[in-house]
Amino acid sequence: SIYPLVIALVVLAHWLMMKLGFHVLISTYVPVLSAALLIHLLENLLPYQKHWLPNKSDLGNDAIFMIAVQIVLPKALAFLAVTYLLVWFQSMGWVVSVWPQDLNPFIQVAMMLLCADFLRYWLHRAYHELSFMWVFHAVHHSPQKLYWMNVGRFHPLDKASQYLFDALPFVILGVSEEVLALYFVFYAVNGFFQHCNIELHFGPLNYLISSAELHRWHHSRKVQESNANYGNNIIIWDLLFGTYFFPKDRQVEEIGLVNKDYPLGYATQLKTPFLGRIDQHMMPLQSVVDII
């Protein structure tokens, strides 16, 4: 019951703060950050794997990724999209406000989840199945521990492409700021849970939500297990396109990349996609160290 309860509470808190007149950023980030703190505490109280609990180095690197890639980069992309790209689209006559803004906000968010996850499903699958894209996405799969904060570990170019498939189409279609904020609240907290190190059982929700139980298999070191469960928020498209994977008779063994010596520092991981397929031991480790 932890997952649905927390999701319900943060959505309710966001809605109440908006009704009380708080700024949209405050109404969005206060519930999200509160959920992050709660999930962090639960990871220490009810860990799924004790050896996945992060140390100071893990937290330091993931905090940099969280701030730089999950907060600063999307804000910069949103500013550029609204200030330049959206204006250019309008000049070309490409911006059409066809989004049904009169519908209930929760229905609009549900529509966004279905549409955005369809786009993100194919983007995510391409990042796994096309080698020139995988070298960027390997950054996200590099940690050998799975816990809430490494939801933010993405190479900036990987994250930027996600924005093009996620938020930008809905900005162009005319989704309101309030609906985008509500979508973000669910998106962020669901992502924390998806990567969390808490002993949780999602039951029937495993056929709707891209849960932690499913996503751990997506981070498996074995490629035949990790090339599955691509859903970002929901798992419906994996069920439809045959990439759903959830063996119930065993637990995931090891997570991470084939190359256990893949660099994990923020600065070095900005360079790793340009060093070849080092995630597969295709370059001698000393050569990688020398280049970095």
Checked against a 26 Å limit on the C-alpha separation, the offending pairs among K50/K159; K19/K159; K222/K271 are K50/K159; K19/K159
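Calculate, for the chain, the solvent-accessible area per residue in square angstrom, rolling a 1.4 angstrom probe over the heavy atoms of the protein chains. Kindly include the intermediate steps, with their values, before the conclusion.
Details: 13970 Å² over 292 residues.
Result: 48 Å² of accessible area for each residue.
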Amide H proximity to I255 below 5 Å, modelled H, separation 5+ or other chain, gives R221
On each of the three principal axes the extent of the alpha-carbon atoms of the chain, given in whole Å and largest first, is 56, 46, 38
If every Lys and Arg gets +1 and every Asp and Glu gets -1 at its Cβ, then about the Cα centre the chain yields a dipole, in debye to the nearest 20, of 260
The long-range amide H neighbours of I209, using H built 1.01 Å from N in the peptide plane and a cut-off of under 5 Å, are I235
In Å³ per residue, the alpha-carbon convex hull of segment 217-256 encloses 71
For the chain, the longest principal axis of the Cα atoms and the Cα long axis of helix 131-141 enclose an angle in degrees, to the nearest 10, of 90
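Listed highest first by mean packing, meaning other Cβ atoms within 10 Å per residue, what order do 244-254, 38-48 come in? Write out the running numbers ahead of the final one.
On the way: 244-254: 11.5, 38-48: 16.1.
Result, highest mean Cβ count within 10 Å first: 38-48, 244-254.
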Distance in nm between N55 and L73 label points, each 7 Å along Cα→Cβ, equals 2.6
Listed by chain and number, the residues whose amide H is under 5 Å from that of I198, excluding neighbours fewer than 5 places away on the same chain and using placed H, are Y48
A correct Karplus calculation of ³J(HN,Hα) over segment 9-19, with 6.51 cos²θ - 1.76 cosθ + 1.60, θ = phi - 60°, whole Hz and x for Gly and Pro, returns 5, 6, 5, 5, 4, 4, 4, 5, 5, 5, 5
Rounded to the nearest Å, the spacing of the alpha-carbon centers of segment 99-157 and segment 10-49 is 20
In nm, the gap between the two label points placed 7 Å beyond Cα toward Cβ at Q251 and K271 is 3.7
Magnitude of the Cβ-charge dipole (Lys and Arg +1, Asp and Glu -1) of segment 158-278 about the Cα centre, nearest 20 debye, reported as 400
Between the Cα axis of helix 177-194 and the main Cα principal axis of the chain, the angle (0 to 90°, nearest 10) is 20
Taking 0.36 nm per residue of separation between L16 and V258 and subtracting their Cα-Cα distance, the length gained on full extension comes to 82.5 nm
Ranked output for segments 186-197, 4-15 by mean other Cβ atoms within 10 Å, highest leading, reads 186-197, 4-15
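When N counts the residues of segment 153-241, how does its alpha-carbon radius of gyration compare numerically with 2.2 N^0.38 Å, as a ratio? Mind dumping the intermediate values first?
On the way: Rg = 14.4 Å, N = 89, 2.2 N^0.38 = 12.1 Å.
Ratio of Cα Rg to 2.2 N^0.38 Å: 1.19.
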For the pair E199 and I107, the simple spin-label estimate (label points 7 Å beyond Cα toward Cβ) gives in nm 4.3
On the accessible surface of the chain, probed at 1.4 Å with all protein chains in place, carbon and sulfur together account for a percent value of 70
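Compute the FRET efficiency between S1 and W122 as 1/(1 + (r/R0)^6), taking r as their Cβ-Cβ distance and R0 = 45 Å, and round to the nearest 0.05.
Details: r = 33 Å, r/R0 = 0.73.
Working from the Cβ atoms, E equals 0.85.
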For segment 49-57, Karplus-derived ³J(HN,Hα) couplings (6.51, -1.76, 1.60; θ = phi - 60°; whole Hz; x for glycine and proline) come out as 9, 5, 6, 8, 5, x, 9, 4, 5
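The values are calculated or read from the model by the stated rules, or taken from the named source; none is laboratory data. Computed from a predicted structure; not experimentally measured. Virtual Cβ from ideal backbone geometry, glycine too; neighbours counted across all protein chains shown. Note: accessible area is taken over every heavy atom of the protein model, side chains too, but ligands, DNA and RNA are not part of it. Shrake-Rupley method; radii C 1.70, N 1.55, O 1.52, S 1.80 Å.
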